[in-house]
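Please read the structure below before turning to the comments.
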Amino acid sequence: MLSIVICTFNRNDILKICLETIVKYFPTNFTVEMIVVNNNSTDSTAQTLTDFAKTYSWCKVVNEPKQGLSHARNAGFQSASHSWILYLDDDAKIDQNLFNRVHENMKLQTYQCIGGMYLPWYMDEKPKWFRDKWASNQLAYDKLHLLHMNQFASGGIFLIHKSLLKKHKGFSTTYGMRGKHLGYGEETDLQRRIRKSGQKVAYDPEMIIYHLVPPHKMTVSWQLKSSFKMGQTFLASIGYPNNVISGFLALFIGFLQLLVFGMVCLPKLFKSEYFIQNYTVDTLRKPLKWFGAFWASITFRKRPLS
């Protein structure tokens, strides 16, 4: 009925925590398998997975030699035995009710593509200025809800029918993480293609994971860099032409947002719990996404649009 797919690269210690929570809450009321895709890890991941698969018969290990999250995700669903695929990040801890909620959505079949909600968890002390909202995709919906065309589900907690993945040939390998190289856009691009074919994408706030926020992500530099990187694939992944005209439109939007956010956030600096780091991130993060889109357009890095 359900194939859980986890893709991993050189995060053995964190992966162990993820696997522990899955074992703790593993469902017994419906058929489940788990596929862990090892994407060229050079640490102790291979041995950890070998030992884990010997202990738990429902776990299958797949080795994907082509580097990149999209390659690994595609290898995962292609190795799956069941009709529903649940993608989980390897640095996530699952909520105790996740599998029950997934089971309900599979039985209802209201939607064939559903994203869940991720909330942050921390292994290290969080800086006073860091906001949980920067590490969450929590929306205003309190129950299963259809997403608008400009809203996208997270790939870190992503339930999808295998037939959709087959129909759309999985995740585009143009996008996404490649080893240590930061990249985005693969799940956005897939959802764009799914919607183009007439299917819908939904969000379920009761499908919950807790996503690790490591120390390097709790820095101003990473918050801004990730926004810029996200912007570099943003226009193409949502179906807009990656050309100079689109790029200058993105540049205009970015400068407009910079002006507005800079003015709106300025008075907050006089509040005791609002720091200069907050002002910097709140002012620059969204504009930098558009500046990233502009940069991609002028460097003319064409991306395939199916």
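Net charge in the neighbourhood of Asn10 (other residues with Cβ under 12 Å of its Cβ; Lys, Arg +1, Asp, Glu -1) is -2.
Once Rg and Dmax of the Cα atoms in Å is calculated for the structure shown, the corresponding label among (i) 24.7, 72; (ii) 20.4, 62; (iii) 19.6, 58 turns out to be (iii). In the chain, the calculated helix contribution to ellipticity at 222 nm averages -13500 deg cm²/dmol per residue, counting -39,500 (n - 2.57) for every DSSP H run with n ≥ 4.
Over all other residues within a Cβ to Cβ distance under 14 Å of Lys289, the charged ones net out to +3, with Lys and Arg as +1 and Asp and Glu as -1. Each peptide among 145-157, 214-226, 1-13 gets the average number of other Cβ atoms lying within 10 Å of its residues, and from highest to lowest they stand as 1-13, 145-157, 214-226. Roughly how far apart, in whole Å, are the Cα centres of the stretch 42-62 and the stretch 211-286? For the stretch 42-62 versus the stretch 211-286, the Cα centre distance is 39 Å.
What net charge is computed for the residues neighbouring Ile94, neighbours being all others with C-beta under 15 Å from the C-beta of Ile94, Lys and Arg scored +1, Asp and Glu -1?
Numbers: positive: Lys16, Lys24, Lys93, Arg101; negative: Glu20, Asp89, Asp90, Asp91, Asp95, Asp204, Glu206.
Once all neighbours under 15 Å are counted, the net charge is -3.
By the count of other C-beta atoms within 10 Å, a proxy for reagent exposure, Glu125, Glu104 are ordered fewest to most as Glu125, Glu104. Couplings for the stretch 113-121, taken from phi via the Karplus curve 6.51 cos²θ - 1.76 cosθ + 1.60 with θ = phi - 60°, read 9, 9, x, x, 10, 10, 10, x, 9 Hz in order; Gly and Pro are left as x. Within the straight-line cut-off of under 12 Å between alpha carbons, the aspartates and glutamates reachable from Lys268 are Asp282, sequence neighbours fewer than 8 places apart in one chain being disregarded.
Excluding residues on the same chain fewer than 8 positions from Lys271, give the lysines whose Cα lies under 19 Å from its Cα. List returned: Lys128, Lys133.
For the stretch 1-19, backbone nitrogen atoms closer than 17 Å to the point 7 Å from Tyr56 Cα along Cα-to-C-beta are found at 1-9, 11-19.
FYI, it's all coordinate maths here, none of it is from the lab. Keep in mind it's a predicted model, so treat the numbers as computed, not measured. Every residue, glycine as well, gets a Cβ built from its backbone with ideal geometry; the counts of neighbours run over all protein chains shown.
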